[in-house]
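The structure appears right after this line, and notes come after that.
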């Protein structure tokens, strides 16, 4: 045995003395003691653990005639050390599997670290802390490949295409495999091109190329040395190399998309059996209904190509609840180490980076336009809500059109930490405030204060009250029936961190005259936005009334929201119509134009019924006043901080609720009327009559 200083003092440089080239295994007296026998650092399908997890693993082998206990021993990878504190036995002439998943609480066979798919050196250290029983150095291993000894406990070694956890290592059919074949090379790699490219695909010298152009498995295709093909829109390339003495290469795969550079779709490639196979297919319909399952055991391997980016391996699942039973389903992509995904994940529309990506189906044109319109209006008015930024994209699945989707980050702690600029966040969801991250103690203290009608300044210590008020106004305006389900809020987990609400899933708008306010006031469950509590609070009720009145006169005014809707419709009309045609026979959906008209009807007819409901709920009267807004080239007029479009406005207002009118001149202009300033506070707007603010050019 090799003697070294005690492990706590072993620096990485000192350990490096024992590290040799990855295509070798150091085995000190391998046949005379406990050894590291096989390692897998990128497990995807070889071994499934508790709850559907797919942990990496290390296999130990005991060649002795007596069992060996690991108690007191250590296993080390670089600066990570796991100390075996319990009896864990390796049977005589048998194997023990150690799960490198970091889940120490799940049992003594679980290690406190994970393996690096790029390779490393594992040291098995005896109880004295100085004696190295075995050193096992492994290099970069492809997904679902392992490296181990031949035979068990021997000094020869091989990469295994078919790993054998806790089983004897088997000699590959054509002898030991000492490396992985290089991937095929194409002169025009898969991606987006303005015109159809002519592609040449080649294998390394001495290797054979296997490829398909229709998403089927290239391993069953005949071999060739090189090939040339003309790629068209939707061509799916899958290719591997096979070389003597090497494990077959990883796939060179991707989709060729052709068209304008600003119209690149998202392309997904997955094995057909993983999509439509009766036993494994996540998109199967009918008898098997496989899409109703979930978790990592229902995650499938895929190759994903985002717009103009290069293809990236990732995991694929069906996502969401409302669309899972429909032919067009929402999807979720996972950038995972075991697939060889890029560590950076995906860049979202707001500049954040996430290792998960939602592809929301918006299974009808109405859902798509409703969500996108509210996203636009919230951004336009700078409302105090955090919402998932989305990027509308056409999607291809195995080269076939799959319709219009919105790519967005999951509303989880990873994304919200970046939005909050915090190292950690508490995240709650639903009417029962389930903690997805952290806990709900801080939140419930604020809810208790709200129920006791504590002063506003007390509530503001815990909540961003403006965020809750904006959520209430949007829920009332859209009348979404599932508002108590689609609720999520978060706070930076630090001193002074306050709760802020996330706005999402705004596809179920009500009819214009639906009695939303009475419905929300009659709810038995205290669900955000807590409208019964807000309207009973002497300080919050005027805030809600003023905010709703202001929004209906500005951001939600048909002259503003209608223009935004028409602009979105024109921008996405070709994609909406293509999506409608794609799913026409499977989904009973309205045409895109019909959906636009329905939304326009809501914009025109919703304000007055909603104001009347609020008047009855608050005991206030509805009053009117008029503002003549001059040209926006001269200046801007804001009502309670929200810009009014130019023209004459007859504004319906809840009585007794103050309003503030601000006049903001453009460069070179000054306020001409009213004299006395740029800010007017109307304590009772109904008595203001007609306001005619004016700007005057004063020179630069």
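One residue is enough: does the range 623-634 have a residue meeting the conditions in contact with a strand residue (DSSP E or B) (Cβ under 8 Å, 6 or more places away or on another chain), surrounded by 13 or more Cβ atoms within 10 Å (Cβ to Cβ) and without any contact (Cβ under 8 Å) to a residue 60 or more places away in the chain?
Among the residues of the range 623-634, not one is in contact with a strand residue (DSSP E or B) (Cβ under 8 Å, 6 or more places away or on another chain), surrounded by 13 or more Cβ atoms within 10 Å (Cβ to Cβ) and without any contact (Cβ under 8 Å) to a residue 60 or more places away in the chain, which makes the answer no.
Being surrounded by fewer than 19 Cβ atoms within 10 Å (Cβ to Cβ) and not assigned by TED's automatic domain parsing to the domain that holds residue 140 is true for just one of 291, 308. Which residue is that?
Values: 291 fails: surrounded by fewer than 19 Cβ atoms within 10 Å (Cβ to Cβ).
Just one listed residue meets the conditions, 308.
Are any residues in the range 156-171 surrounded by fewer than 16 Cβ atoms within 10 Å (Cβ to Cβ) and either assigned to a loop (DSSP other than H, G, I, E, B) or out of contact with any strand residue (DSSP E or B) (no Cβ under 7 Å at 6 or more places or on another chain) (or both), and if so, which ones? Give the derivation first.
The initial filter retains those residues of the range 156-171 that are surrounded by fewer than 16 Cβ atoms within 10 Å (Cβ to Cβ), namely 156, 161-162, 166-168, 170-171.
Hits for the range 156-171 are 161, 162, 166, 167, 168, 170, 171.
Just checking, which of 88, 34 is closer than 18 Å to residue 137 by Cα and touching a strand residue (DSSP E or B) at 6+ places or on another chain (Cβ under 9 Å)? Spell out how you get there, then give the answer.
Numbers: 88 fails: closer than 18 Å to residue 137 by Cα.
Of the residues listed, the single one that is closer than 18 Å to residue 137 by Cα and touching a strand residue (DSSP E or B) at 6+ places or on another chain (Cβ under 9 Å) is 34.
Take the conditions assigned by TED's automatic domain parsing to the domain that holds residue 582 and touching a helix residue (DSSP H, G or I) at 6+ places or on another chain (Cβ under 8 Å) and apply them to residue 387. Does it pass? Can you show your working first?
Details: assigned by TED's automatic domain parsing to the domain that holds residue 582: no; touching a helix residue (DSSP H, G or I) at 6+ places or on another chain (Cβ under 8 Å): yes.
Judged against the criteria, residue 387 is not a match.
Let's see how each residue does on (1) closer than 18 Å to residue 547 by Cβ; (2) in a loop (DSSP other than H, G, I, E, B):
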residue	(1), (2)
625	yes, no
631	no, yes
638	yes, no
643	yes, no
648	no, no
660	yes, no
680	no, no
696	no, no
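What is the residue count in the range 197-211 for residues that are within 34 Å of the chain's Cα centre (by Cα) and without any contact (Cβ under 8 Å) to a residue 24 or more places away in the chain?
The total comes to 0.
Could you please find all residues in the range 205-242 being part of a loop (DSSP other than H, G, I, E, B), touching a strand residue (DSSP E or B) at 6+ places or on another chain (Cβ under 9 Å) and either surrounded by fewer than 17 Cβ atoms within 10 Å (Cβ to Cβ) or at pLDDT below 90 (or both)? Reasoning before the result, please.
First pass over the range 205-242, keeping only residues part of a loop (DSSP other than H, G, I, E, B): 205-207, 213, 215-217, 221-222, 225, 231-234.
Going one step further and asking which of them are touching a strand residue (DSSP E or B) at 6+ places or on another chain (Cβ under 9 Å), we end up with 207, 213, 215-217, 221-222, 225, 231-234.
Listed by number, the residues that qualify are 216, 217, 221, 222, 225, 232, 233.
Tell me yes or no: at least one residue of the range 504-525 is in a loop (DSSP other than H, G, I, E, B), closer than 19 Å to residue 446 by Cβ and touching a residue at least 40 places away in the same chain (Cβ under 8 Å).
Yes, because at least one residue in the range 504-525 is in a loop (DSSP other than H, G, I, E, B), closer than 19 Å to residue 446 by Cβ and touching a residue at least 40 places away in the same chain (Cβ under 8 Å).
Might you let me know whether the range 361-379 holds any residue that is over 22 Å from residue 588 (Cα atoms), part of a loop (DSSP other than H, G, I, E, B) and either touching a strand residue (DSSP E or B) at 6+ places or on another chain (Cβ under 8 Å) or modelled with pLDDT of 95 or more (or both)? Reasoning before the result, please.
So the first thing to find is which residues in the range 361-379 are over 22 Å from residue 588 (Cα atoms), and the list is 373-379.
If we keep only those that are part of a loop (DSSP other than H, G, I, E, B) too, we end up with none.
No, every residue in the range 361-379 fails to be over 22 Å from residue 588 (Cα atoms), part of a loop (DSSP other than H, G, I, E, B) and either touching a strand residue (DSSP E or B) at 6+ places or on another chain (Cβ under 8 Å) or modelled with pLDDT of 95 or more (or both).
Does residue 620 qualify as being at pLDDT 90 or above, part of a loop (DSSP other than H, G, I, E, B) and in contact with a helix residue (DSSP H, G or I) (Cβ under 8 Å, 6 or more places away or on another chain)?
Numbers: at pLDDT 90 or above: yes; part of a loop (DSSP other than H, G, I, E, B): yes; in contact with a helix residue (DSSP H, G or I) (Cβ under 8 Å, 6 or more places away or on another chain): yes.
Answer is yes for this residue.
Answer with yes or no whether residue 140 is under 33 Å from the mean Cα position of the chain (by Cα), in the same structural domain as residue 47 (by TED's automatic domain parsing) and closer than 25 Å to residue 300 by Cα. Working first, answer last.
Details: under 33 Å from the mean Cα position of the chain (by Cα): yes; in the same structural domain as residue 47 (by TED's automatic domain parsing): yes; closer than 25 Å to residue 300 by Cα: yes.
Criteria met by residue 140.
Would a scan of the range 452-462 turn up a residue that is surrounded by 17 or more Cβ atoms within 10 Å (Cβ to Cβ), not assigned by TED's automatic domain parsing to the domain that holds residue 372 and not in a loop (DSSP other than H, G, I, E, B)? So that I can check it myself, show each step before the final result.
Step one: of the range 452-462, the residues surrounded by 17 or more Cβ atoms within 10 Å (Cβ to Cβ) are 459, 462.
Retained after the next criterion (residues that are not assigned by TED's automatic domain parsing to the domain that holds residue 372): 459, 462.
Now narrow it down to the ones that are not in a loop (DSSP other than H, G, I, E, B): 459.
Yes.
Going through 584, 604 one at a time, which residue ends up being within 23 Å of residue 373 (Cβ to Cβ) and within 45 Å of the chain's Cα centre (by Cα)?
Working: 584 fails: within 23 Å of residue 373 (Cβ to Cβ).
Testing whether each residue is within 23 Å of residue 373 (Cβ to Cβ) and within 45 Å of the chain's Cα centre (by Cα) leaves just 604.
Where in the range 27-139 are there strands (runs of 3 or more DSSP E), lying wholly inside it, with at least 1 residues that are surrounded by fewer than 19 Cβ atoms within 10 Å (Cβ to Cβ)? Working first, answer last.
Working: elements: 35-40, 56-62, 74-77, 80-83, 94-100, 119-125, 131-139.
Those strands (runs of 3 or more DSSP E) span 74-77, 80-83, 94-100, 119-125, 131-139.
Give the residue, chosen from 540, 576, 551, that is assigned by TED's automatic domain parsing to the domain that holds residue 504, buried (at least 17 other Cβ atoms within 10 Å of the Cβ), in contact (Cβ under 8 Å) with a residue 40 or more places away in the chain and within 30 Å of residue 327 (Cα to Cα).
Working: 540 fails: within 30 Å of residue 327 (Cα to Cα); 551 fails: within 30 Å of residue 327 (Cα to Cα).
576 is the lone residue from the list that is assigned by TED's automatic domain parsing to the domain that holds residue 504, buried (at least 17 other Cβ atoms within 10 Å of the Cβ), in contact (Cβ under 8 Å) with a residue 40 or more places away in the chain and within 30 Å of residue 327 (Cα to Cα).
Restricting attention to the range 270-283, does a residue exist that is in a strand (DSSP E or B) and not assigned by TED's automatic domain parsing to the domain that holds residue 588? Give the steps one after another, and end with the answer.
Step one: filter the range 270-283 for residues in a strand (DSSP E or B), giving none.
No, the range 270-283 has no match at all.
Would it be correct to say that residue 682 is more than 41 Å from the chain's Cα centre (by Cα) and crowded, with 20+ Cβ neighbours inside 10 Å?
Spelling it out, it is not the case that residue 682 is more than 41 Å from the chain's Cα centre (by Cα) and crowded, with 20+ Cβ neighbours inside 10 Å.
Quick one: would you say residue 501 is touching a helix residue (DSSP H, G or I) at 6+ places or on another chain (Cβ under 7 Å), farther than 29 Å from residue 347 by Cα and either in a strand (DSSP E or B) or at pLDDT below 95 (or both)?
Numbers: touching a helix residue (DSSP H, G or I) at 6+ places or on another chain (Cβ under 7 Å): yes; farther than 29 Å from residue 347 by Cα: no; either in a strand (DSSP E or B) or at pLDDT below 95 (or both): yes.
No: the conditions fail for residue 501.
Return the residue satisfying two criteria in turn: it lies in the range 657-694 and is out of contact with any strand residue (DSSP E or B) (no Cβ under 9 Å at 6 or more places or on another chain) and in contact (Cβ under 8 Å) with a residue 24 or more places away in the chain, and of such residues it is nearest to residue 541 (Cα to Cα). Break it down into steps so the answer makes sense when it comes.
Start the filter on the range 657-694 by keeping residues that are out of contact with any strand residue (DSSP E or B) (no Cβ under 9 Å at 6 or more places or on another chain), which leaves 657, 667, 675-676.
Next cut, in contact (Cβ under 8 Å) with a residue 24 or more places away in the chain only: 657, 667.
Details: 657: 10, 667: 38 Å.
Ranking the qualifying residues of the range 657-694, first place goes to 657.
Would the range 247-267 turn up any residue that is assigned to a loop (DSSP other than H, G, I, E, B) and in contact with a helix residue (DSSP H, G or I) (Cβ under 9 Å, 6 or more places away or on another chain)? Can you show your working first?
As a first pass, look at the range 247-267 and keep what is assigned to a loop (DSSP other than H, G, I, E, B): 248-251, 259-260, 264-265.
After this cut, where a residue has to be in contact with a helix residue (DSSP H, G or I) (Cβ under 9 Å, 6 or more places away or on another chain) as well, the list is 248, 251.
The answer is yes, given that some residue of the range 247-267 is assigned to a loop (DSSP other than H, G, I, E, B) and in contact with a helix residue (DSSP H, G or I) (Cβ under 9 Å, 6 or more places away or on another chain).
The values are calculated or read from the model by the stated rules, or taken from the named source; none is laboratory data. In this text the structure is predicted, and so the values were computed from the model without any measurement. Positions of Cβ are backbone-derived with ideal geometry, glycine not excepted, and every protein chain shown enters the neighbour counts.
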